[in-house]
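Chemist: Take this structure, written in structure tokens, and hold onto it; I'll ask about it next.
The values are calculated or read from the model by the stated rules, or taken from the named source; none is laboratory data. Computed from a predicted model, the values in this text were never measured in an experiment. So basically every Cβ, Gly included, is an ideal-geometry build from the backbone, and we count neighbours across all protein chains shown.
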Amino acid sequence: MIRFITDPDKRREISCTILESLKDWFEVEESREDYITRSADRPFFAAEEDGRYVGFLCLKETGRHTSEIAVMGVLPGYHGKGIGRRLFAAARDYASMNGYSFLQVKTVKSGVYPDYDKTNEFYKRLGFKELEVVEEYWDKDNPCQIYVMSLKSAVNIIAVRHSYRGKFLPEPVPKEDLMTIARAGMDAPSGCNKQTTELIVVDEADTLSKIKALIDPPVASTAPSMIVVLSRKINAYRDRCFAVQDYSAAIENMLLAIVELGYQSCWYEGHITDDDRICDKIASVLGVPDDLEVVCILPVGKAAEDFHVPSKKQFAERVRFNRYTS
Ligand SMILES: Cc1cc2nc3c(=O)[nH]c(=O)nc-3n(C[C@H](O)[C@H](O)[C@H](O)COP(=O)(O)O)c2cc1C
């Protein structure tokens, strides 16, 4: 379990316990003390296992668009269990959600110390790319390797997208951002290029209120804008209709564009297409013609709260190479 720690004393206590156990990596007492002191004021993530904290990671801002993994450590007995990767994922989500475009990390370059070679491999496995080696950054015995990662790459945006169901900030979303999101939806593939998906972008307060009044129990009630997804159920060829696949591809594209632009959303389909057919009532408010169906709404806005990251099954439970059984 990864926790976001806010109490400065707790941050110091956790970083002290862990760094004291990692003297091979953090051997200079003065710099260890420095990491511990500074960790008190920085975004701080801790990994809890067996009823105690076994790892931590702390971030620092190094520029308007860049956050750095200032320090991370995992107790020796807990290496190789995916704890570092989970700490990293939580920090990457946090940095992305807080509008940073890049994540950087510094370590001693490969080929100098075996322990640091492992650290280099770890960062590369996470997706960091070598930016530069600065020989004198620390001192000549410890050449500094700087790694960087774009938080705006497609793969990262996919990794940091999560369904957001919290409150939104009361800030309008600029029209050009809504257009970019809608364009991403329209750029999606569709079966036989039938382009069965259409959209209504809603950003007028009056229309938004009318839609929100129909959604019971309420969801997205604070969203400053919304994209209503429409689907035309026509066949692509013979009796094959791909309208569901078409709008699913469009929705996923839009969710990714929403996150890239710094907003949050959730795919609300089940909620509005149930027996009470909220979707049909929304269609009526928006004057949607009979040959199109409202299938989903996507709120768009800046998150006002933290979001819940759902647990997913283990990768190996769902992905295999070459055969289902070995
Ligand atoms: C077809 C479909 C319908 C969905 N309908 C709803 C919905 O009505 N309400 C809701 O809160 N989430 C809805 N979701 C979001 C899922 O609950 C969510 O994607 C899932 O729990 C995984 O979480 P994640 O999106 O954070 O990875 C829907 C997702 C899909 C793909």
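Chemist: For the stretch 294-313, enumerate the residues that are charged (D, E, K, R) and within 14 Å of the ligand (Cβ to nearest atom).
Modeler: Result: ASP306, LYS312, LYS313.
Chemist: Further, regarding this structure: For the stretch 230-326, please list each of the helices (runs of 4 or more DSSP H) lying entirely inside it that holds at least 2 residues being in contact (Cβ under 8 Å) with a residue 12 or more places away in the chain.
Modeler: 243-260, 278-286
Chemist: Still on this structure: Within the stretch 1-118, which strands (runs of 3 or more DSSP E) (wholly inside it) include 1 or more residues that are closer than 23 Å to VAL133 by Cβ and of a type in the set (S, T, N, Q)?
Modeler: 52-63, 66-74, 102-108
Chemist: Check MET179 against each of (1) exposed (fewer than 15 other Cβ atoms within 10 Å of the Cβ); (2) of a type outside the set (Gly, Ala, Ser); (3) assigned by TED's automatic domain parsing to the domain that holds ILE69 and name the one condition it does not meet.
Modeler: Only one criterion in (1) exposed (fewer than 15 other Cβ atoms within 10 Å of the Cβ); (2) of a type outside the set (Gly, Ala, Ser); (3) assigned by TED's automatic domain parsing to the domain that holds ILE69 is unmet by MET179, namely (3).
Chemist: Yes or no: ILE251 among the hydrophobic types (A, V, I, L, M, F, W, C), under 30 Å from ILE2 (Cα atoms) and assigned by TED's automatic domain parsing to the domain that holds LEU169?
Modeler: So ILE251 passes the test.
Chemist: Let me ask another. Among the listed residues ALA205, ALA184, identify the single one that is in the same structural domain as GLN264 (by TED's automatic domain parsing), closer than 23 Å to SER231 by Cα and modelled with pLDDT of 95 or more.
Modeler: When all the criteria are applied, what remains is ALA184.
Chemist: Further question: Please work out if GLU68 is surrounded by 14 or more Cβ atoms within 10 Å (Cβ to Cβ) and closer than 25 Å to LYS109 by Cβ.
Modeler: Yes.
Chemist: Working carefully through the options GLY73, GLY82, find the one that is modelled with pLDDT under 95 and under 21 Å from the mean Cα position of the chain (by Cα).
Modeler: GLY82
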